[in-house]
Amino acid sequence: MILSLKKHSLLKLVNDHLIEYPTPSNLSLFWNFGFLAGICLAIQLFTGIFLAMHYTAHVDLAFLSVEHIMRDVNNGWFLRYVHANGASMFFIAVYVHIARGLYYGSFASPRGLVWSLGVIIFLLMMATAFLGYVLVWGQMSFWAATVITNFFTAFPLVGDKIVTFLWGGFSVDNATLNRFFSLHYLLPFLITGIVIVHIAVVHLDGSNNPVGISSQSDKISFFPFFVLKDVLGLVFFLICFAYFVCFVPNYLGHTDNYIAANPMVTPEHIVPEWYFLPAYAILRSIPNKLLGVLALFASVLVLLTLPLQTQPEIRSALFKPISQFFFWLFLADYVLLGYLGQQAPESPFIEIGQCASIFYFAYFLVIVPVLNRFEKKLRFL
């Protein structure tokens, strides 16, 4: 009897949230990217677990173990390339998901908690990706770990202690690699837990919709309409994913990571993975080390200010041409920061980066609040 009730409860849960879940009828393909981000998370978990079975977290063996996976393990090359490119696909899906939220006002009440949980997931993603990048123990991985962890020395009084704790000693060495491996393995499970809460909170108030007004009276069941739409999006996404894995698996990586880490040889130009480049450009644009590190963290945490600002009359920018203009200008600015992050820290890239960084923070702290307060919706005759 108890087992029957449990089965019934499970079926009811699946029915309420995956089949008969009431969904706004006008959702566009941009709403697919939340689902695609969940698929990427599942892929990263699955491939990461199998890669961990063959990886050795030791400074003398880490690079060799990665090569062993590529050359000797059955289908190891496929697992490794799926995992490496999966991180990039994950960030692409999340970046589009965030951009959609910004454009359609998904941060506005009553979805402030949903947005805040999403920002926390994004922060944990960045931490997990950085830790995983180090595990390859190639030249760029080693020096990226050295440079990034050294930024914490900018904090007065506690900076050196934080760095020593991260390193597990007085340099980036075996203890560092072990710590990073342990955290890289555990954090995805924490992300998964928060994602489940994120989805549950979304289903409390229902999904936002493109027009930015209440859609309580215009909803249809999630199955089969949006299931088919998500599957269609997934097919196209997997085709693009497969292209990178099978034809250009190293296109989004750095060639120096195929050279074993050497503490005695510094690369000419140290850069992180592409998805960190905008934040890296913001950090480098500020000459003061402490302020640069604070700006690095603030570049993500500033997203948490959006639910606290004056709520717009209509959430979506669909009917607000001025908001649309600044949104696309913001996207262009973010792409520019990504380009600047991979350039040498010299003039004129530093000066352009400073201007781009100012606009980045101004968008969230000045432009969006002002537009929310004063921009009126257009009235059509």
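The values are calculated or read from the model by the stated rules, or taken from the named source; none is laboratory data. Not measured: the values here are computed from a predicted model. Counting neighbours? That spans all protein chains shown, and the Cβs are built from the backbone with ideal geometry, glycine included.
Sort out which residues of region 320-373 are over 14 Å from Leu102 (Cβ atoms) and not in a helix (DSSP H, G or I), and write them in order of number.
Across region 320-373, the qualifying residues are Gln342, Gln343, Ala344, Pro345, Glu346, Ser347, Pro348.
I need the full set of residues from region 82-114 which are surrounded by fewer than 19 Cβ atoms within 10 Å (Cβ to Cβ) and not aliphatic (A, V, I, L, M), in order please.
Tyr95, Ser109, Pro110, Gly112
Does any residue of region 68-76 turn out to be closer than 30 Å to Ile239 by Cβ and either touching a residue at least 60 places away in the same chain (Cβ under 8 Å) or in contact with a Leu (Cβ under 6 Å, 6 or more places away or on another chain) (or both)?
No, region 68-76 contains no residue that is closer than 30 Å to Ile239 by Cβ and either touching a residue at least 60 places away in the same chain (Cβ under 8 Å) or in contact with a Leu (Cβ under 6 Å, 6 or more places away or on another chain) (or both).
Give the residue that is modelled with the highest pLDDT, with candidates limited to residues of region 288-299 that are more than 14 Å from Ile358 (Cβ to Cβ) and loosely packed, with under 15 Cβ neighbours inside 10 Å.
Per the criteria, the residue is Phe297.
Would you mind telling me which numbered condition in (1) under 19 Å from Thr192 (Cβ atoms); (2) not assigned by TED's automatic domain parsing to the domain that holds Leu131 Ser9 fails?
Single failed check for Ser9: (1).
Would you pick out the residues in region 230-265 that are surrounded by 12 or more Cβ atoms within 10 Å (Cβ to Cβ), more than 15 Å from Trp137 (Cβ to Cβ) and hydroxyl-bearing (Ser, Thr, Tyr)?
Of everything in region 230-265, just one residue is surrounded by 12 or more Cβ atoms within 10 Å (Cβ to Cβ), more than 15 Å from Trp137 (Cβ to Cβ) and hydroxyl-bearing (Ser, Thr, Tyr), namely Tyr243.
Restricting the search to region 150-173, which residues are of a type in the set (Phe, Trp, Tyr) and either in the same structural domain as Leu291 (by TED's automatic domain parsing) or part of a loop (DSSP other than H, G, I, E, B) (or both)?
Those that are of a type in the set (Phe, Trp, Tyr) and either in the same structural domain as Leu291 (by TED's automatic domain parsing) or part of a loop (DSSP other than H, G, I, E, B) (or both): Phe155, Phe170.
Taking only region 222-251 into account, find how many residues are more than 30 Å from Asn15 (Cβ to Cβ) and part of a loop (DSSP other than H, G, I, E, B). First the steps, then the outcome.
Start the filter on region 222-251 by keeping residues that are more than 30 Å from Asn15 (Cβ to Cβ), which leaves 239-251.
Remaining after also requiring part of a loop (DSSP other than H, G, I, E, B): 247-251.
Number of matching residues: 5.
Here is a yes/no grid of residues against (1) aromatic (Phe, Trp, Tyr); (2) touching a strand residue (DSSP E or B) at 6+ places or on another chain (Cβ under 6 Å); (3) surrounded by fewer than 17 Cβ atoms within 10 Å (Cβ to Cβ):
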| residue | (1), (2), (3) |
| --- | --- |
| Ser25 | no, yes, yes |
| Phe33 | yes, no, no |
| Gly48 | no, no, no |
| Met53 | no, no, yes |
| Ala57 | no, no, no |
| Asp60 | no, no, yes |
| His68 | no, no, yes |
| Asp72 | no, no, yes |
| Leu79 | no, no, no |
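Enumerate the pairs (first residue in region 293-318 and touching a residue at least 40 places away in the same chain (Cβ under 8 Å) and part of a helix (DSSP H, G or I); second residue anywhere and crowded, with 20+ Cβ neighbours inside 10 Å and among the basic types (Lys, Arg)) with beta-carbon separation below 8 Å, excluding pairs fewer than 6 apart on the same chain, so at least 6 apart or on different chains.
Between residues of region 293-318 that are touching a residue at least 40 places away in the same chain (Cβ under 8 Å) and part of a helix (DSSP H, G or I) and residues that are crowded, with 20+ Cβ neighbours inside 10 Å and among the basic types (Lys, Arg), the close pairs are Pro307/Arg111.
Quick one: would you say Tyr133 is touching a residue at least 24 places away in the same chain (Cβ under 8 Å) and within 22 Å of Gly292 (Cβ to Cβ)?
Yes: the conditions hold for Tyr133.
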